[in-house]
């Protein structure tokens with residue numbers, strides 16, 4: 001499955017995988033992601049939304065549009081068939097205006113992850129002197145400012161994953177916090193181990209960015225993801 | 001790939017470019033080899049018949065016996081030809097002292113690549129180019145191009161610290177500073193451009209070297225981080241490794257690029273690599289040596305509880321701050337222990353017994369409080385390690401007993417470090433006595449605390465990998 005996705009992108013001369021493709025690969029490695037399907041018409045979007053259950057999120061899927069929000073290609077928290085239909089049309093219109101040459105595959109209709117302030121970023125890269133590397137950071141609005149991140153060379157062991165979490169200055173947000181129960185750290189550890197395995201095994205992947213991953217007390221969910229090939 | 005034994009412990013050495021002219025590289029290297037009393041010495045120079053009493057040969061190919069090591073003291077452009085002769089002669093190792101390779105721009109980089117191709121898949125091991133060489137202190141083999149180290153010959157004694165420096169001249173300078181301080185090395189390596197022999201190779205060698213107990217690395221860059229990590233993981237199971245890595249800031253990285261052709265990489269990845277590999281990261285090169293010294297003389301910390309005995313309250317606080325910032329603790333002593341300190345006349349009645357234990361003003365006539373209080377603290381389960389702070393130079397009374405009966409304190413297998421702070425005339429003598437008794441002694445209380453942190457980190461690592469004994 002992964003090799004099919006990668007060779008398809010190669011055939012089309014793309015280095016960037018779409019969010020849909022990226023999430024397929026994440027799921028193949030056991031990383032939980034928000035569920036969704038691709039719709040090519042407003043009616044189909046509604047059909048998928050009914051299956052997933054409202055509220056849903058709609059995101060443009062185009063190999064040429066990597067920064068979906070910048071292109072007006074993301075609509076969140078849609079609660080009815082009407083909202084889904086109009087969001088679908090608007091996204092297509094915005095995308096065409098943003099980049100008239102962009103090939104539009106469709107609109108990704110996905111479950112709306114419930115909001116939480118506990119967001120993390122997990123990434124994998126390939127560095128010239130270090131080889132595959134795993135990154136963990138606190139996500140959310142201050143990610144650029146605080147740069148609260150930790151790294152390890154992949155492959156990592158379970159104890160390394162725990163130490164990566166321990167190294168974050170803001171690790172306290174995973175404990176009982178503002179009336180929220182503490183989170184099961186093991187779920188974050190599992191994501192780190194999975195990303196480590198992925199970046200180590202998939203030599204054609206140069207960069208992998210899961211941002212954000214919502215962290216709930218008993219589960220985690222990747223909401224957006226991007227994979228770049230070497 | 002072949003090991004480094006012929007490089008570090010050669011019994012036959014050829015000096016290519018040997019010269020009788022003082023001041024020439026080929027003279028310095030040859031003199032160093034001669035003073036090292038290596039069994040077979042072969043000066044190589046087509047223009048000479050004999051140099052410094054040794055028969056001279058036109059090339060390595062003309063040498064009658066086997067050659068373990070060739071020292072190349074010739075201009076860069078002549079190196080490829082000599083390397084091909086070394087390959088033909090089956091020379092086991094070489095040190096290329098000469099500069100003018102990757103660090104010197106495009107033409108030099110080409111020259112280096114040319115040699116890399118020649119030696120690919122061959123048995124020969126090469127140190128350098130652009131390096132100072134190595135010093136096997138254990139055997140007394142000075143295989144460097146340093147004209148200065150031989151001046152210290154009488155003070156250089158075999159020690160337990162293997163030192164790997166990415167900077168040549170600075171490495172030698174640190175070596176001399178260490179010697180002056182009584183910190184003795186087992187081996188010193190300078191790798192230069194690291195064309196063949198890498199940090200990982202030296203680490204592997206030092207980890208098996210019975211005379212090396214601790215390894216220190218002064219690092220600017222790493223070529224193969226994954227390989228270094230694999231080796232570090234193995235080495236740190238048996239020996240502590242302390243690394244100081246420079247080139248953190250952008251300006252620092254630029255300086256490095258023009259120095260040894262270092263490649264830029266974010267410093268966080270280095271921290272990750274060291275942590276994953278179980279190495280201790282020092283903040284400066286002097287700190288690295290000091291940490292290695294502590295690790296070579298004292299056992300690692302089993303827990304995190306530190307006792308401090310001082311004759312000035314202030315220094316106790318400074319040390320406590322550093323320890324607590326790094327995961328260690330300076331717990332208040334139990335009432336029982338505090339009572340013992342008083343009852344057994346281990347502290348003056350006006351001193352503090354809580355921890356830090358404060359003996360107050362240093363007076364020459366004061367009794368053996370340091371020894372008595374140290375022993376009581378070490379005997380309790382309440383502390384895992386001890387820092388003794390000595391202000392002034394109380395040669396008699398206060399310190400004489402810890403020197404005389406050091407064994408009684410060291411047998412607890414709990415680390416003891418001493419911070420001796422003074423510039424009074426007797427300070428050097430006091431330090432010397434304490435060091436000879438087996439204690440690492442530092443002037444700076446901050447450094448003393450950081451060295452305790454190193455003992456803590458290594459103890460923690462040993463437990464993590466299941467190697468705590």
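Taking segment A:50-84, which residues are in a helix (DSSP H, G or I) and out of contact with any helix residue (DSSP H, G or I) (no Cβ under 8 Å at 6 or more places or on another chain)?
Across segment A:50-84, the qualifying residues are A:51, A:52, A:82, A:83.
Being more than 23 Å from residue A:64 (Cβ to Cβ) and out of contact with any helix residue (DSSP H, G or I) (no Cβ under 9 Å at 6 or more places or on another chain) is the filter; apply it to segment A:89-127 and report the residue that is nearest to the other protein chains (Cβ to nearest Cβ).
A:116
Which one of B:263, B:269 is surrounded by fewer than 22 Cβ atoms within 10 Å (Cβ to Cβ), within 12 Å of chain A (Cβ to nearest Cβ), modelled with pLDDT under 95 and in contact with a strand residue (DSSP E or B) (Cβ under 6 Å, 6 or more places away or on another chain)?
Every option except B:269 fails the conditions.
Would you please name the residue that is surrounded by the most Cβ atoms within 10 Å (Cβ to Cβ), looking only at residues in segment B:128-143 that are in contact with a helix residue (DSSP H, G or I) (Cβ under 6 Å, 6 or more places away or on another chain) and not in a loop (DSSP other than H, G, I, E, B)?
Ranking the candidates gives B:142 first.
Specify which of the listed residues (A:5, A:31) is over 22 Å from residue A:87 (Cα atoms), surrounded by 16 or more Cβ atoms within 10 Å (Cβ to Cβ) and without any contact (Cβ under 8 Å) to a residue 24 or more places away in the chain.
Residue meeting the stated conditions: A:5.
Collect the residues in segment B:298-346 that are out of contact with any strand residue (DSSP E or B) (no Cβ under 6 Å at 6 or more places or on another chain), under 30 Å from residue B:161 (Cα atoms) and surrounded by fewer than 21 Cβ atoms within 10 Å (Cβ to Cβ), keeping them in residue-number order.
Of everything in segment B:298-346, those that are out of contact with any strand residue (DSSP E or B) (no Cβ under 6 Å at 6 or more places or on another chain), under 30 Å from residue B:161 (Cα atoms) and surrounded by fewer than 21 Cβ atoms within 10 Å (Cβ to Cβ) turn out to be B:299, B:302, B:303, B:318, B:320, B:321, B:322, B:324, B:325, B:326, B:327.
Can you name the residue in segment A:128-167 that is in contact with a helix residue (DSSP H, G or I) (Cβ under 6 Å, 6 or more places away or on another chain) and assigned to a loop (DSSP other than H, G, I, E, B) and is also farthest from residue A:222 (Cα to Cα) among such residues?
A:129
Within the bounds of segment B:172-195, is there any residue that is more than 21 Å from the chain's Cα centre (by Cα) and either more than 30 Å from residue B:429 (Cα to Cα) or not assigned by TED's automatic domain parsing to the domain that holds residue B:67 (or both)?
yes
For segment B:56-86, what are the residues that are surrounded by fewer than 13 Cβ atoms within 10 Å (Cβ to Cβ) and closer than 19 Å to residue B:114 by Cα?
B:75, B:77, B:81, listed by residue number.
Hey, among the residues in segment B:419-460 that are surrounded by 21 or more Cβ atoms within 10 Å (Cβ to Cβ) and in a loop (DSSP other than H, G, I, E, B), which one's farthest from the chain's Cα centre (by Cα)?
Looking at residues that are surrounded by 21 or more Cβ atoms within 10 Å (Cβ to Cβ) and in a loop (DSSP other than H, G, I, E, B), I get B:439.
Looking only at segment B:81-106, which residues are assigned to a helix (DSSP H, G or I) and out of contact with any helix residue (DSSP H, G or I) (no Cβ under 9 Å at 6 or more places or on another chain)?
B:81, B:106
Based on this model, can you work out whether residue B:281 counts as under 21 Å from residue A:133 (Cα atoms) and modelled with pLDDT of 95 or more?
Yes: the conditions hold for residue B:281.
So for segment A:198-208 (the condition being exposed (fewer than 15 other Cβ atoms within 10 Å of the Cβ) and within 14 Å of chain B (Cβ to nearest Cβ)), does at least one residue qualify?
Yes, segment A:198-208 has at least one match.
Of all residues in segment A:95-127, how many are surrounded by fewer than 18 Cβ atoms within 10 Å (Cβ to Cβ) and part of a helix (DSSP H, G or I)?
Within segment A:95-127, residues that are surrounded by fewer than 18 Cβ atoms within 10 Å (Cβ to Cβ) and part of a helix (DSSP H, G or I) number 2.
Starting from segment B:348-376, take each residue that is not assigned by TED's automatic domain parsing to the domain that holds residue B:311 and surrounded by fewer than 19 Cβ atoms within 10 Å (Cβ to Cβ) and list its partners that are modelled with pLDDT of 85 or more and assigned to a loop (DSSP other than H, G, I, E, B), counting only C-beta distances under 8 angstrom and pairs at least six apart or across chains.
none
If residue A:173 passes every condition in (1) within 14 Å of another protein chain (Cβ to nearest Cβ); (2) in contact (Cβ under 8 Å) with a residue 12 or more places away in the chain; (3) more than 20 Å from the chain's Cα centre (by Cα) but one, which one does it miss?
(1)
Please give the strands (runs of 3 or more DSSP E) falling wholly within segment B:153-245 in which 3 or more residues are more than 14 Å from chain A (Cβ to nearest Cβ), in contact (Cβ under 8 Å) with a residue 40 or more places away in the chain and crowded, with 24+ Cβ neighbours inside 10 Å.
Counting at least 3 such residues, we get B:161-165, B:185-190, B:214-219.
Collect the residues in segment A:179-203 that are in contact (Cβ under 8 Å) with a residue 40 or more places away in the chain and farther than 23 Å from residue B:273 by Cα, keeping them in residue-number order.
A:180, A:183
Considering only residues of segment A:128-140 that are at pLDDT below 90 and within 14 Å of the chain's Cα centre (by Cα), which is farthest from the other protein chains (Cβ to nearest Cβ)?
A:140
Out of all the residues in segment A:153-167, is one or more more than 11 Å from chain B (Cβ to nearest Cβ), surrounded by fewer than 23 Cβ atoms within 10 Å (Cβ to Cβ) and within 21 Å of the chain's Cα centre (by Cα)?
Yes: segment A:153-167 contains one or more residues that are more than 11 Å from chain B (Cβ to nearest Cβ), surrounded by fewer than 23 Cβ atoms within 10 Å (Cβ to Cβ) and within 21 Å of the chain's Cα centre (by Cα).
Answer with yes or no whether residue B:33 is farther than 18 Å from residue B:85 by Cβ, under 27 Å from the mean Cα position of the chain (by Cα) and crowded, with 24+ Cβ neighbours inside 10 Å.
So residue B:33 passes the test.
Go over the candidates A:183, A:195, A:143 one by one and state the one that is touching a strand residue (DSSP E or B) at 6+ places or on another chain (Cβ under 8 Å) and either within 14 Å of another protein chain (Cβ to nearest Cβ) or closer than 23 Å to residue A:129 by Cα (or both).
Only one candidate passes the filter, namely A:195.
The values are calculated or read from the model by the stated rules, or taken from the named source; none is laboratory data. Note that the coordinates shown come from a computational prediction; the quantities given were computed from them, not determined experimentally. Glycine gets a Cβ as well: all are built from the backbone with ideal geometry, and neighbour counts include every protein chain shown.
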